[in-house]
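One structure is given below, encoded as structure tokens.
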């Protein structure tokens, strides 16, 4: 579903005009749709019907407490990569028994925190991590349920920065070495082997890489069973793509139907860790044009959002649609908005500070713009670079808007700092 549609010539979030939200909450501002979050999670749940499963939202994509709470209320599990994310999930009402702990640098403190919380499983990414989890479990008198994140050396065909399943990537355990690691784990005093995990990358627009990886993983599962190591779950990771430009990613149902066929007849619970596909298109970044700058070579739209608010375009050239909030003008107003091809840039003191390049727009200073598909890897990657306050976050539910994170203030930023006493 698309919760951001034009109504009477103006872009709205569900049933609220974005101009009203800008007036009430200021800009830049992240705006999320509750209906879209729920719809996107339930699209996975419907596809999983008929098999044992768990849909674990990847918290790294959007960790706002209200977002997590909306998903927890309708039964989501959660995929976390830090102790901080675990705290967020618990504060948001998430069930720790539905939490998968991924990530390759878990500290002893984080492992103990997760064991005390009673999470479902650790996704283990190295021999050294396995030893650490066993040692912490032994020291605390607990048993740790684990799966190995196996790297199948499958090319996801995506940007190198978001590819995770190749042998040169830092993630996971080489599939050629995984059998021996499972055997060693089976001898450990405080380890319970429960499953196997695989995550090959993000923004995948075809199911073929998933299926290639699953074929390799299933062969390993069979080999483990022959050795007496019987797994209870298969975690196929996340990474299903969304539409930013002209992509045509598969629907969750298409992928899950194909996976169901692959595992038919096996007593395996299927786990998936979607993030972007649940929250990306459920959010926009609302920003205002400060100035238009025209030079001999370029037209620039200078906005009040910047790379510190939305890093993806600067970090790896990500493309996100940028549209005017107001679409209809009188003839005299339109005359003040001749179309130009703009680079849409922010005020941060970096040449790499842009949210979009070569965008044809008919705009004037003071106009509002919406950066679409900003609900994933938007606010969570934001910073205070140039001592800029991070944006407000707002959740829309039909015709009601709630601030779910206040706009930062300079006093808040400086509250953790102090000058020297002498």
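Some notes on this structure:
- The set of residues from the stretch 169-191 being more than 29 Å from the chain's Cα centre (by Cα) and outside any helix (DSSP H, G or I) comprises 186, 187, 188, 189, 190, 191.
- When the stretch 87-105 is filtered for residues that are without any contact (Cβ under 8 Å) to a residue 40 or more places away in the chain and either farther than 22 Å from residue 184 by Cβ or touching a helix residue (DSSP H, G or I) at 6+ places or on another chain (Cβ under 6 Å) (or both), the ones remaining, listed by number, are 87, 88, 89, 90, 91, 92, 93, 94, 95, 96, 97, 101.
- Positions within the stretch 264-287 being in contact with a strand residue (DSSP E or B) (Cβ under 7 Å, 6 or more places away or on another chain) and surrounded by fewer than 18 Cβ atoms within 10 Å (Cβ to Cβ), in sequence order: 269
- Residues of the stretch 64-84 satisfying the condition of being part of a helix (DSSP H, G or I) and surrounded by fewer than 22 Cβ atoms within 10 Å (Cβ to Cβ): 65, 66, 69, 72, 73, 83, 84
- When the residues of the stretch 114-130 are filtered to those that are in contact (Cβ under 8 Å) with a residue 40 or more places away in the chain and in a helix (DSSP H, G or I), the one that is nearest to residue 91 (Cα to Cα) is 130.
- Subset of the stretch 245-267 that is in contact with a helix residue (DSSP H, G or I) (Cβ under 8 Å, 6 or more places away or on another chain) and outside any helix (DSSP H, G or I) - its residue that is nearest to residue 145 (Cα to Cα): 266
- Single match in 301, 305, 282 (criterion: touching a helix residue (DSSP H, G or I) at 6+ places or on another chain (Cβ under 8 Å) and touching a residue at least 60 places away in the same chain (Cβ under 8 Å)): 282
- In the stretch 371-381, the residues that are in contact with a helix residue (DSSP H, G or I) (Cβ under 8 Å, 6 or more places away or on another chain) and either under 16 Å from residue 277 (Cα atoms) or surrounded by 20 or more Cβ atoms within 10 Å (Cβ to Cβ) (or both): 372, 373, 374, 375, 376, 377, 378, 380
- One residue from 389, 384 being under 22 Å from residue 306 (Cβ atoms) and touching a helix residue (DSSP H, G or I) at 6+ places or on another chain (Cβ under 6 Å): 384
- Test: residue in the stretch 26-46 that is touching a residue at least 24 places away in the same chain (Cβ under 8 Å), surrounded by fewer than 20 Cβ atoms within 10 Å (Cβ to Cβ) and closer than 22 Å to residue 384 by Cβ: yes
- Matching residues in the stretch 312-353 - criterion: being in contact with a helix residue (DSSP H, G or I) (Cβ under 6 Å, 6 or more places away or on another chain) and crowded, with 20+ Cβ neighbours inside 10 Å: 318, 325
- Strands (runs of 3 or more DSSP E) contained entirely in the stretch 1-63, each with at least 2 residues that are in contact with a helix residue (DSSP H, G or I) (Cβ under 8 Å, 6 or more places away or on another chain) and either closer than 28 Å to residue 260 by Cβ or at pLDDT below 95 (or both): 53-58
- Candidates 247, 254, 290, filtered to the one that is surrounded by fewer than 18 Cβ atoms within 10 Å (Cβ to Cβ), in the same structural domain as residue 79 (by TED's automatic domain parsing) and modelled with pLDDT of 90 or more: 254
- Residue check, residue 352 over 22 Å from residue 33 (Cα atoms) and either under 26 Å from the mean Cα position of the chain (by Cα) or without any contact (Cβ under 8 Å) to a residue 24 or more places away in the chain (or both): yes
- Selected residue (only one of 328, 320, 334 is more than 24 Å from the chain's Cα centre (by Cα) and either under 19 Å from residue 244 (Cβ atoms) or part of a loop (DSSP other than H, G, I, E, B) (or both)): 328
- Test result for residue 230, out of contact with any strand residue (DSSP E or B) (no Cβ under 6 Å at 6 or more places or on another chain), surrounded by fewer than 21 Cβ atoms within 10 Å (Cβ to Cβ), free of Cβ contacts under 8 Å to residues at least 60 places away in the same chain and in a loop (DSSP other than H, G, I, E, B): yes
- Each residue in the stretch 212-230 was checked for being touching a helix residue (DSSP H, G or I) at 6+ places or on another chain (Cβ under 7 Å) and within 20 Å of residue 153 (Cβ to Cβ), and 6 of them qualify.
The values are calculated or read from the model by the stated rules, or taken from the named source; none is laboratory data. Computed from a predicted model, the values in this text were never measured in an experiment. Here Cβ is always computed from backbone atoms with ideal geometry, including for glycine, and neighbour counts include all displayed protein chains.
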